[in-house]
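The values are calculated or read from the model by the stated rules, or taken from the named source; none is laboratory data. Fair warning: this is a prediction, and the values are worked out from it, not measured in the lab. Glycine gets a Cβ as well: all are built from the backbone with ideal geometry, and neighbour counts include every protein chain shown.
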Amino acid sequence: MCGIVGYVGPQACAPILLDGLRRLEYRGYDSAGLAVHAPGGRIEVRRAVGKLRNLESALREKPLEGAVGIGHTRWATHGRPSEVNAHPHVAGDVAVVHNGIIENHMPLRRELEEAGCTIASDTDTELVAHLVEREVQQGKDLEAAVRAALGRLEGAYAIAVLSAKEPERIVVAKSASPLVIGLGEGEMFCASDIPALLPYTRDMLFMEDGEMAVLEAGSVRLTTVAGADVEREPKRIDWSPVMAEKAGYKHFMLKEIFEQPRAMEDTLRGRLDREHGDVHGHEIGLSEEDAKGIRRVLLLACGTSHHATIAGKYFLEEIAKVPAVIEIASEFRGREAVVGEGDLVVAVSQSGETLDTLVAAKEAKERGAKVLAIANVIGSAIPRMADAVFYTHAGPEIGVASTKCFSTQLANLLMLSVWLGRRRGAITAERSRELVEGLARLPTTMKDVLQGTRQLVANLARRYVDARDVLYLGRGLSFPIALEGALKLKEISYVHAEGYPAGEMKHGPIALIDSSVPAIVLVPRDRHWERSISNLQEAKAREAIVIAVATEGDEEARQVSHDLIEIPAVDEVLTPFLTVLPLQLYAYYVADFKGTDVDQPRNLAKTVTVE
Ligand code: F6R
């Protein structure tokens, strides 16, 4: 769960590598480093613990000159964050950066130590450097040495390797961790993710597992690890570099919250068939016959994406009348879960790289289920293993707390439900048209809600910033939003929060309530409204500070709550798209007032490629 970057070309590489690492810092940020082919045939390394600015200071004190280099930003998995454990790792003439985990590191370490290697760090990565170095010592060129070393590795890796003997090239390889090659004019790049490369090129070559590549200024040669040549067309990525920047907002998270109307527009584009009140479903990868034959939908995801799948289950059952089950991916994998032919597995993941979701989806596929990925990162691992992929087009999400990807995941799950519902004869053309029109209006409505609630929510956050516990309650489609509101608050402001189905409160959590606990209760005008209002009153009767999120003009909600956040009246199926917005803003402002690191909260990383 780290970020790697590489450059080979005519320019001074250190600023390019640093810039790339800055855009990858969301992947991990406990230490960073660069290795560069310096004049005189040496590889020089600078490393620093902590955020990238520490490495930048180190480089100001002792600059690195050279036009070929690799860089790394780390999120510790083996060995605590320290300078000696920071990448790049060097053995003799070889330097390596690595993202992933080498599972057989213990026997490799023993073997290398017995062979007389001095291993300086606690990392698994340094072992890779020694393995390559030993092959180089035996006379192999860098490509052959890396190939031989890879044969010894078990686990996940994306690596970039330099050898002082071959100063004009970088050798990269990938297995189960992301790596993309950027094709420039007379220069080549590699990185763990697209945003790192966007200022330099839009032409990207996505590597597959079990592949390696030799990057030189004017060429890229892609092969399998076994040595067979691989031909692959590059893809042109339309994200602009500015899209990957903060665009004037204080934090990426705030920018991404306000980007949701645009993200929604991009995600809906070309998919709504407004003429027929339907959804264009070719990306879903099912024939009309398959759609009718589905026995059950199994939704797999983690974290925020899991919350989207809870809403997805409600959409699927209501609109497509297909049984739907939700599973947290880490709880599904490795279990004797009953899944197989006739099941449609929908694996939902922003990054498309979450290991638990990837492995769970693979297990389901092996047992005969069809896998549809809903992911945001093009060419990532889950879409690649899936039978079909229905991308969200939210653009790069840099803030660790997911926002715009959550709402676009909801959109894709709703579109999937409408498409299946029509094919299965589960909804009328009229109902389907209402939903499609409602979806088409969402970008504008979401914009209104964001603008209309921003100041009020910031004021509430200021008022309740010191609350030590916050309760979020909702029924039906508001339940996953209650969970999501609580998760957002926890992860960026470090305030304890619980999301509960409002009806469950009386079975336990009600004991938590006293006059110091704000309860954020979602009571949009839907079929659950009356019962939700009763739950709100129960909380109020126990002296909770009640903040209601209700439909405009709901006088009853106004009377029974201390504070009221209003959303416009929409089809009840669409309420989660709106109720989540003030909850995201609330978490953001509490965190900002507390002064936490909103975009890179402690202990978290954007892409979770560990188990
Ligand atoms: C929370 C958050 C995480 C992710 C989870 C899954 O804001 O971002 O809970 O949702 O790690 O990640 P993806 O969607 O990339 O599979």
> In region 468-519, what count of residues is obtained for those that are buried (at least 19 other Cβ atoms within 10 Å of the Cβ), in a helix (DSSP H, G or I), touching a residue at least 40 places away in the same chain (Cβ under 8 Å) and not charged (D, E, K, R)?
Replying inline: 11
> Got a number for residues in region 130-147 being surrounded by fewer than 17 Cβ atoms within 10 Å (Cβ to Cβ) and assigned to a helix (DSSP H, G or I)?
Replying inline: 2
> Do we find that Ala386 is more than 14 Å from the ligand (Cβ to nearest atom) and of a type in the set (Gly, Ala, Ser) in this structure?
Replying inline: no
> Considering Pro501, Pro480, which residue is within 16 Å of the ligand (Cβ to nearest atom) and out of contact with any Cys (no Cβ under 6 Å at 6 or more places or on another chain)?
Replying inline: Pro480
> Only one of Leu127, Leu153, Leu215 is in the same structural domain as Ala67 (by TED's automatic domain parsing), at pLDDT 95 or above and part of a strand (DSSP E or B); which?
Replying inline: Leu215
> Among (1) surrounded by fewer than 24 Cβ atoms within 10 Å (Cβ to Cβ); (2) under 25 Å from Asp193 (Cβ atoms); (3) of a type in the set (Asp, Glu), which single condition is Glu126 missing?
Replying inline: (1)
>> Scan region 433-449 and tell me whether some residue there is within 16 Å of the ligand (Cβ to nearest atom) and within 30 Å of Val517 (Cα to Cα).
In response: no
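Matching residues to (1) in the same structural domain as Gly499 (by TED's automatic domain parsing); (2) part of a helix (DSSP H, G or I); (3) surrounded by 24 or more Cβ atoms within 10 Å (Cβ to Cβ):
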position	(1), (2), (3)
Ile565	yes, no, yes
Pro576	yes, yes, yes
Val580	yes, yes, yes
Leu583	yes, yes, yes
Arg602	no, no, no
Val608	no, no, no
>> Which count do you get for residues in region 391-426 that are farther than 18 Å from Val598 by Cβ, within 12 Å of the ligand (Cβ to nearest atom) and at pLDDT below 95?
In response: 2
> Condition test on Arg602, is it closer than 30 Å to Ala176 by Cβ and of a type outside the set (Phe, Trp, Tyr)?
Replying inline: yes
> Can we say Arg384 is charged (D, E, K, R), assigned to a helix (DSSP H, G or I), over 12 Å from the mean Cα position of the chain (by Cα) and within 22 Å of Trp239 (Cβ to Cβ)?
Replying inline: yes
> Counting only residues that are without any contact (Cβ under 8 Å) to a residue 12 or more places away in the chain and either within 16 Å of the ligand (Cβ to nearest atom) or within 15 Å of the chain's Cα centre (by Cα) (or both), how many does region 329-381 have?
Replying inline: 1
